[in-house]
Amino acid sequence: MVPQRPDVAPRSTRLRPFNRILVNVLLDGSVAALAAPVARWLAAPRDGLIHPLWFLASGAITLLVSGLPFRMPQQYWRFSGTSDLLGIVGASVASAILFTLGLKATGFPLPSPTFPLIYAMTLVAMLGGLRLSYRLSNTLARRRALLRPIVLVGADQVADLYLRAIDRNPEAGVRVTGLIGQGTHQAGRRIHNVPILGHVTDIAALLDGMAERNALPESLVVTDSNFRGEALGRVLAAAEAHGIEVMRAPVLTALTPASRIELRPVMIEDLLNRPQVPLDRAGMDRMIRDQVVLVTGAGGTIGSELARQIAGFGPRRLVLLDHGEFALWQIDVELGELAPKVPRSVVVADVRDVGRIDEVFAECRPALVFHAAALKHVPIVEANACEGLLTNVVGTRIVADAARQHGARALVMISTDKAVNPSSLMGASKRAAEMYCQALDIAARTSGDPAALRCVTVRFGNVLGSTGSVVPLFRRQLERGGPLTVTHPDMQRYFMTVPEAVGLVLQASVRGTDGRGFDADMMPVLEPARVAGTDRLLRDGGIFVLDMGEPVKIVDLARQMIRLAGLRPDEDVAIRFTGLRPGEKLFEELFHGREAPVPTDAPGLLMAAPRVVELAGMERAVDRIAALAHAGDATAAIAVLKTLVPEFDHNATGEMDLCVRAGPGRATTAAIGEGEERTS
């Protein structure tokens, strides 16, 4: 085989322009042949449309000859423009003149004196129209090819609104090829001429069928904001099998005619299958409005969300206290935008500084105190034992004592599931803080003084997206391409969204301070025994526990986050197990083994009745811990802590046998990176 010279194009390439010219000649000639009898009929309708073949051939020949000076055969129809149209006009006029002269030369009578003009106009209309139609169809085809094909998943009413929004916003860059509904017996019907392909429970089979027809969309778009949990997980799994991304549509109120349609990724929070819990907002308003409210740890995840939600109920003043300047500045700026009419005080203070805290309480005189300040990162507290004890135990006592001394009506302490059968110093220190608040509350409720400080303790598990927790860690690791690090394949944790957790904290605060059952308008039927039981447990030092639902395996959470990023677990992104760290357990608990979870008269809240210690004994123990921690004697301070919390089984080395303990009620997990930053 003789090699081809590199500067000589292949024969097929050299013939391509000639083939295009030949096609143009044939099409233009055919159009001119049809235009001749049409023009004659327009000029003399009574003569009909039947003509000899030479009449048709003459029309084609005269146009082809007239078109040569105007380079009509070389025109690129896909890019036809004004210059091409002018060439067509010139060729049409010249063809009409030649055709008329030919008819006169052969003695064929003209249909009418206006025939040349009519023929030229007919040629312009037919030749120009043909090119314009080709260009428009080609442009539409290219635009359609550039639009991303998507399939909508959700209720038909929302799909209808979304389809209307796309019609109003063509710049959205998508075209809907099908709908997957949530109603029954809808398959085969159409909304705005878009077919309903089937029910969402059949999503896997529907996508398999589209794959066989080579009709898979680029994205599945969930239009229903309430579509989440296990059902959404099935959609994600089916989409992953075909390499399709899953996105969320804007909320209904955002789909206005002037708005842009911006799809957003599905968030990991959407996979929590948690029903909406009704909140006693009337009670929250009654508790907060026109009161001075102080939030410690206001720059942290829980503290900042408390500040946001509290600001919505119109307090007389909101005092933001934190040890971290930058975090405090962030929430202050945000509240200035969200609730500019709520007066705020920004206080930089350490909860361990008794003089500074007393000064703040004396000046602000808060009626409500939400104590969210703590050291919460398990391994860091293990490595800084004295600091953890001083912040979590001594700091809580300082805040609680200041609240009692300066006439606060209630203190709400944020606790953690790690305080149950603790294996970490962080968990044990939070349990000691719980016990001090329990002792204060029992003393207040038994004193007979209605103005005495109420202490409400609220215990819950992990919140998704908190600073230093596993979800932001996984996101950072995904940005770097992995691997995602998980401590153990069996590790589990309870998870809740931050707004949901804080809403329930406020719900518990209302119930613990107001003395009333849940708002009867929200829950018409209240069992008297449940109301009485909640009151009795509160008198006995009961602790509110948020209903966290079912625990989630951290490795499953990691896999879901990889899928949400449009990647494949173990193929595109690896998961690496790093082993338990000091203080960690495989399974966290919300209740001690001897604590049966007791339902309360408030939705979303359970109650535990852990062991209590009388106030004088707690004060002596905390004094001892404070002295030893200030002296830097961590070993002795931990020994005192163990006398307070005898169930504290310290896992100082991260060994498995100290983390896995049989018994009822053990059911949560952690991953590397759990906990929050210091917000003291």
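The values are calculated or read from the model by the stated rules, or taken from the named source; none is laboratory data. Everything quoted here is computed from the prediction, not taken from an experiment. Cβ placement follows ideal geometry from the backbone for every residue including glycine, while neighbour counts extend to all protein chains displayed.
Given the criterion touching a helix residue (DSSP H, G or I) at 6+ places or on another chain (Cβ under 9 Å) and surrounded by fewer than 23 Cβ atoms within 10 Å (Cβ to Cβ), identify the matching residue among A452, A501.
Details: A501 fails: surrounded by fewer than 23 Cβ atoms within 10 Å (Cβ to Cβ).
After applying the criteria, what remains is A452.
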Check region 599-622 and report whether any residue there is at pLDDT 80 or above, more than 19 Å from P551 (Cα to Cα), part of a loop (DSSP other than H, G, I, E, B) and of a type in the set (A, V, I, L, M).
yes
I'm told L42 meets every condition in (1) at pLDDT below 70; (2) in contact with a helix residue (DSSP H, G or I) (Cβ under 9 Å, 6 or more places away or on another chain) except one. Can you identify the failing condition by its number?
(1)
Within region 365-379, does at least one residue satisfy the condition of being surrounded by 24 or more Cβ atoms within 10 Å (Cβ to Cβ), among the basic types (K, R) and on the phi < 0 side of the Ramachandran plot?
yes
Residue check, I166 outside any helix (DSSP H, G or I), modelled with pLDDT of 70 or more, closer than 30 Å to A231 by Cα and not small (G, A, S):
no
Selection status of T653, of a type outside the set (D, E, K, R), more than 27 Å from the chain's Cα centre (by Cα), surrounded by fewer than 17 Cβ atoms within 10 Å (Cβ to Cβ) and at pLDDT 80 or above
no
Checked against (1) modelled with pLDDT of 80 or more; (2) of a type in the set (D, E); (3) surrounded by 13 or more Cβ atoms within 10 Å (Cβ to Cβ), E212 satisfies every condition except (3)
Subset of region 620-655, residues over 24 Å from D401 (Cβ atoms) and polar (S, T, N, Q), comes to T635, N651, T653
Unique residue being over 17 Å from the mean Cα position of the chain (by Cα), modelled with pLDDT of 80 or more and in the same structural domain as L605 (by TED's automatic domain parsing) when the list is P499, P551, P483:
P483
Check region 293-311 and report whether any residue there is under 30 Å from G233 (Cα atoms), surrounded by fewer than 24 Cβ atoms within 10 Å (Cβ to Cβ) and touching an Asp or Glu at 6+ places or on another chain (Cβ under 8 Å).
no
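Given the structure, is D285 touching a Phe, Trp or Tyr at 6+ places or on another chain (Cβ under 6 Å) and at pLDDT 80 or above?
Here the answer is yes, as D285 does meet what is asked.
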In region 332-351, residues that are under 30 Å from V622 (Cβ atoms) and surrounded by fewer than 24 Cβ atoms within 10 Å (Cβ to Cβ) total 6
Cβ pairs under 8 Å, 6+ apart, first in region 496-507 and touching a residue at least 12 places away in the same chain (Cβ under 8 Å), second surrounded by fewer than 21 Cβ atoms within 10 Å (Cβ to Cβ) and among the small types (G, A, S):
M496/G549; T497/G465; V498/G465
I'd like to check something: does region 399-412 contain any residue that is surrounded by fewer than 24 Cβ atoms within 10 Å (Cβ to Cβ), out of contact with any His (no Cβ under 7 Å at 6 or more places or on another chain) and basic (K, R)?
yes
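Need a quick list: strands (runs of 3 or more DSSP E) entirely within region 302-381 having at least 3 residues that are over 25 Å from R511 (Cα atoms) and touching a residue at least 60 places away in the same chain (Cβ under 8 Å). Before the answer, list the steps.
Details: elements: 317-322, 344-348, 368-371.
Here the list is empty.
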Which condition does K418 not pass, out of (1) at pLDDT 90 or above; (2) in contact with a helix residue (DSSP H, G or I) (Cβ under 6 Å, 6 or more places away or on another chain); (3) surrounded by 24 or more Cβ atoms within 10 Å (Cβ to Cβ), if it passes all the others?
(1)
